[in-house]
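Note sheet for the following structure.
The values are calculated or read from the model by the stated rules, or taken from the named source; none is laboratory data. This structure is a prediction, so every number in the text was calculated from the model and none was measured. Glycine gets a Cβ as well: all are built from the backbone with ideal geometry, and neighbour counts include every protein chain shown. All accessible areas refer to the heavy atoms of the entire protein, side chains included, with ligands and DNA or RNA removed. Shrake-Rupley method; radii C 1.70, N 1.55, O 1.52, S 1.80 Å.
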Amino acid sequence: GIKARILETFVMLFLLALLILGIVWVASALIDNDAASMESLYDLWEFYLPYLYSCISLMGGLLLLMCTPVGMSRMFTVMGQLLVKPTILEDLDEQIYCIHLQEEALQRRLNGMSVGDVLARYRQG
C-alpha cells in the first residue's frame with residue numbers, strides 16, 4: 001500500500017543522505033591539509049570502519065532473511081502473471097514435427113488404418 005511506499009522512500013532517502021555525508025566527509029579529509037582531519041580519517045579506518053562494516057553486514061543479512069521469501073514469492077507471482085513467452089523463442093522444429101505427426105494420424109484415419117496395422121507394417125518392413 002501507500003504506507004509501505006512512503007516508508008521505503010524515507011529509508012532510501014536516509015541511506016542516500018548517509019552515502020553523501022560519507023563521501024563529503026572523506027573528500028574534505030583528503031582535500032584539507034589539516035593533520036586533524038587526516039587523523040580522523042585514519043581513526044575511522046582503524047576502529048570504526050570494521051565495526052561499521054560488521055553492523056551493516058549484520059543488518060543487511062537480517063533484512064534479507066526477513067524480506068526475501070515474501071518478496072521473492074510475490075515477485076515471481078506478479079511476473080508470472082505479466083510475462084508471456086515470446087514467440088521468437090519457440091522451437092520451430094518441434095512445431096513442424098508435431099504438425100507432421102498430426103498429418104500422419106489424419107492420413108491413417110482417412111485410410112482406415114489402426115495403430116496396430118501401422119505397427120505391423122513397420123515390423124514387416
Heads up, I need the accessible area for Glu8: 1.4 angstrom probe, whole protein in place, Å², nearest 10. 120 Å²
Calculate, for Leu30 and Leu7, the FRET efficiency according to 1/(1 + (r/R0)^6) with r their C-beta to C-beta distance and R0 30 Å; round to the nearest 0.05. 0.30
